[in-house]
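The values are calculated or read from the model by the stated rules, or taken from the named source; none is laboratory data. Keep in mind that this is a model prediction, so the values were computed, not measured. Every residue, glycine among them, receives a Cβ derived from its backbone with ideal geometry; neighbour counts consider all protein chains shown. Note: accessible area is taken over every heavy atom of the protein model, side chains too, but ligands, DNA and RNA are not part of it. Shrake-Rupley method; radii C 1.70, N 1.55, O 1.52, S 1.80 Å.
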There are 2 protein chains.
Amino acid sequence: MLALTSLRYFRTAMGKRVCIVGSGNWGSAIAKLAGLNAATNPLFEKNVNMWVYEEMVEGRKLTEIINQDHENVKYLPGVKLPENVIAVPELVDAAKDADLFIFVIPHQFIARTVATMKGHVKEGAAAISLIKGINITDSGLGLISDEIREALGIDVSVLMGANIANEVARDQFCESTVGGFGENAKTFKALFQRPTFRVSISEDPKTVELCGALKNIVACGAGFCDGLGLGDNTKAAIIRLGLMEMMDFCKVFLSEGEVKNQTFMESCGVADLITTCYGGRNRKVSEAFAKTGKSLDELEKEMLNGQKLQGCVLKTLAQLITFSKRVEKGPETARELQGVLTNKKISPERFPLFTSVFKCCYEGAPVADFLKALENHPAHGN
Amino acid sequence: MLALTSLRYFRTAMGKRVCIVGSGNWGSAIAKLAGLNAATNPLFEKNVNMWVYEEMVEGRKLTEIINQDHENVKYLPGVKLPENVIAVPELVDAAKDADLFIFVIPHQFIARTVATMKGHVKEGAAAISLIKGINITDSGLGLISDEIREALGIDVSVLMGANIANEVARDQFCESTVGGFGENAKTFKALFQRPTFRVSISEDPKTVELCGALKNIVACGAGFCDGLGLGDNTKAAIIRLGLMEMMDFCKVFLSEGEVKNQTFMESCGVADLITTCYGGRNRKVSEAFAKTGKSLDELEKEMLNGQKLQGCVLKTLAQLITFSKRVEKGPETARELQGVLTNKKISPERFPLFTSVFKCCYEGAPVADFLKALENHPAHGN
């Protein structure tokens, strides 16, 4: 008994403390994996903090529900969370003394969140971002991991893959990719890997992260395909051409030498793209968009139950790509993007799928014409 | 009028004569594309012969139905064929004076078919194979294109891609890959390419052809996934790991230097794999296999309406891969494969997905254990 107590004390003293920043659908699913591993692997402190933005659910605080019933009834109903996952309503409390941060909040909240955390993060801590999105910054394309890294001064890895949250939470076999380096990447792999959640490490984290953002554009095209009543051949062509544009885009926006082709063959690449083009919410809403002609805003409200369409990526990317066209249209938009587009290789002709999706979504182009844009795709070559 | 007649004569005299060897579902769909192009492109003679294995359909000869009603009512009902596609019941007649042969018959009929054609093929003719399959030969792995080339002494390209026949025949947008070289590859591209059927040329024809065969193994795994009630994450993982094994297999069986990674990103690679894992018949039968526990032979009869399960590839490949195990089992099987397996790098551990599919299909392993085999896949690396 004494030995056991000592062991527990030792583990508490030495194990890395984990803080999950976010508690939505994906955050809760990942909390289950991290909680299960932290409970048994002495590399980690047993209790895992999960920052929960407090809200009332049927008269009770969500943090109380999670801590008493061990279920996030609002965002991951029907799945039991390990009892060592502790919901904490204050971000600064949740982050206290943490060695490992898992960022899993919507893109639009990241700036505010890291601002709150600033000055409350232990030196030598490391983070991993599960957030899909990109920023436009003065110096070019901005990754979410860069935003976290710059704000908090810590190492930031990323986790991306074919990981629809509800399926992960129900222990359905899948794979995922940690993009990162050295011990931190290995530690995060150990934190997430389960018998049914197989993690590979890629030392190409920027590409891994961009894949997670860009796939959402392709998924809109896949949704159009479904909305137009087309079959698996067309869907496969859209996925393939989308993958080609993702590869080309990464090579243009990152420096070509740092982009590894193999990264697109990892779970974060082709596999996540497939999952998203068959099962994701961008696909679903885009299918309805093609069928009903309603606006995306309207469909988002009707169909996503409070979740957001992952459209910010689409807008941002498409703006970059259609820059040359927009210059003609008006100087405001042009100015906004001027800092970014020093690279003249970007043109709508180079990214016909991305561009066409954008035009259908935001410029009133008819969805029926979407495939016309792919007929003479540069990927068809000779 | 005179000018038009002369022009027609000129075209008849100069255009390449096309013969389609086969008239099943895919053969009829490709006849539509080739017929439409031959009708307008002076590179080809207008009339396209299609060898049709004669059979009676509701009291009429199938060739007569095709030539009078311009529809293959048995294998591609509901789709009009161009009037310049001419059904010919005798293979030797169909092949007479042809410059271009399109082979699109089931794998098991190829030996007999080329034997019949031998001595009736024009010098300088070229062929393209649309057949999915592989052979075991004394000297190792045998491609169908090699079998045609050796029997007839002509150049043989291949056409593979995400091309479910019924969707192609209904003009749904898709892509395809010609594997071949020089003028012949370009000629076949011109023969098949349509506004909704976009053809790329790959100068890596052996890999293109192997992709078309190997995808059928992965599709069985995808069917198991569906039969087990698992979702898009798992399906995407199976597709990705299958693609990794396809790449590795090609590099082992062809010489590594001649296999281009880019080939797996073409329509014949990742796109065909996706299509087949969502829509193909191997997937469908394997789903039922997982759900019902009936034998594959039984399900083939029940579900495929006379079509064959593309299982020969699976059996052949799996035999190669499980060689080391089979050596222990009995000398007969070992001897049969001895010529092939000079390459000792082949082991079940290297191809866990292929091997596990085979064990489930033909050795009574429970389908529920299929995913267990993927947990420690070599593609997961570190």
Confirm whether A:THR5 is assigned to a helix (DSSP H, G or I), at pLDDT 95 or above and at negative phi.
-> no
Filter pass, A:ASP171 being of a type outside the set (A, V, I, L, M), on the phi > 0 side of the Ramachandran plot and at pLDDT 95 or above = yes
The lone condition B:GLY229 fails out of (1) touching a helix residue (DSSP H, G or I) at 6+ places or on another chain (Cβ under 6 Å); (2) part of a loop (DSSP other than H, G, I, E, B); (3) not aromatic (Phe, Trp, Tyr) is (1)
For region B:162-186, how many residues are crowded, with 20+ Cβ neighbours inside 10 Å and farther than 12 Å from B:ALA29 by Cβ?
-> 8
Go over the candidates B:ALA98, B:ALA115, B:ALA127 one by one and state the one that is surrounded by 18 or more Cβ atoms within 10 Å (Cβ to Cβ) and out of contact with any Lys or Arg (no Cβ under 6 Å at 6 or more places or on another chain).
-> B:ALA127
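Say whether the condition of being of a type in the set (Phe, Trp, Tyr) and open to solvent by 60 Å² or more (accessible area, probe 1.4 Å) is met by at least one residue in region A:19-36.
The answer is no; no qualifying residue exists.
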Selection from region A:365-382 of residues that are open to solvent by less than 60 Å² (accessible area, probe 1.4 Å) and within 11 Å of chain B (Cβ to nearest Cβ) | A:PHE370, A:LEU371, A:ALA373, A:LEU374, A:GLU375, A:HIS377, A:ALA379, A:HIS380, A:GLY381
When you go through (1) under 24 Å from B:VAL156 (Cα atoms); (2) modelled with pLDDT of 95 or more; (3) away from chain A (no Cβ under 12 Å) one by one for B:ASP272, which number turns out not to apply?
-> (3)
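Results for (1) more than 17 Å from the chain's Cα centre (by Cα); (2) at pLDDT 95 or above; (3) at positive phi; (4) not assigned by TED's automatic domain parsing to the domain that holds A:GLY153, shown as yes or no for each residue.
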{"position": "A:GLY78", "(1), (2), (3), (4)": "yes, yes, yes, no"}
{"position": "A:VAL88", "(1), (2), (3), (4)": "yes, yes, no, no"}
{"position": "A:ASP99", "(1), (2), (3), (4)": "yes, yes, no, no"}
{"position": "A:HIS107", "(1), (2), (3), (4)": "no, no, no, no"}
{"position": "A:ALA115", "(1), (2), (3), (4)": "yes, yes, no, no"}
{"position": "A:HIS120", "(1), (2), (3), (4)": "yes, yes, no, no"}
{"position": "A:LEU130", "(1), (2), (3), (4)": "no, yes, no, no"}
{"position": "A:SER139", "(1), (2), (3), (4)": "yes, no, no, no"}
Would you check if A:LYS284 is open to solvent by 40 Å² or more (accessible area, probe 1.4 Å), touching a helix residue (DSSP H, G or I) at 6+ places or on another chain (Cβ under 6 Å), within 20 Å of A:VAL357 (Cα to Cα) and in the same structural domain as A:GLY364 (by TED's automatic domain parsing)?
-> no
For residues in region A:255-269 being open to solvent by 20 Å² or more (accessible area, probe 1.4 Å) and outside any helix (DSSP H, G or I), which is farthest from B:GLN262 (Cα to Cα)?
-> A:SER255
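Residue by residue, here is whether (1) within 13 Å of chain A (Cβ to nearest Cβ); (2) in a helix (DSSP H, G or I); (3) modelled with pLDDT under 95 holds:
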site	(1), (2), (3)
B:ASN184	no, yes, no
B:ALA190	yes, yes, no
B:VAL199	yes, no, no
B:LEU210	no, yes, yes
B:ALA213	no, yes, yes
B:ALA219	yes, yes, yes
B:ALA222	yes, yes, no
B:THR234	yes, yes, no
B:ILE238	yes, yes, no
Between a first residue in region B:211-237 that is open to solvent by 10 Å² or more (accessible area, probe 1.4 Å) and a second residue that is not in a helix (DSSP H, G or I), which pairs have beta carbons less than 7 Å apart while being 6 or more apart in sequence or on different chains?
-> B:LEU230/A:GLN172; B:LEU230/A:PHE173; B:GLY231/A:ILE164; B:GLY231/A:GLN172; B:ASP232/A:ILE164
Which residues, taken from region A:50-64, are touching an Asp or Glu at 6+ places or on another chain (Cβ under 7 Å), over 19 Å from A:THR113 (Cβ atoms) and open to solvent by less than 60 Å² (accessible area, probe 1.4 Å)?
-> none
Would you confirm whether any residue within region B:294-301 is within 11 Å of another protein chain (Cβ to nearest Cβ) and open to solvent by less than 10 Å² (accessible area, probe 1.4 Å)?
-> no
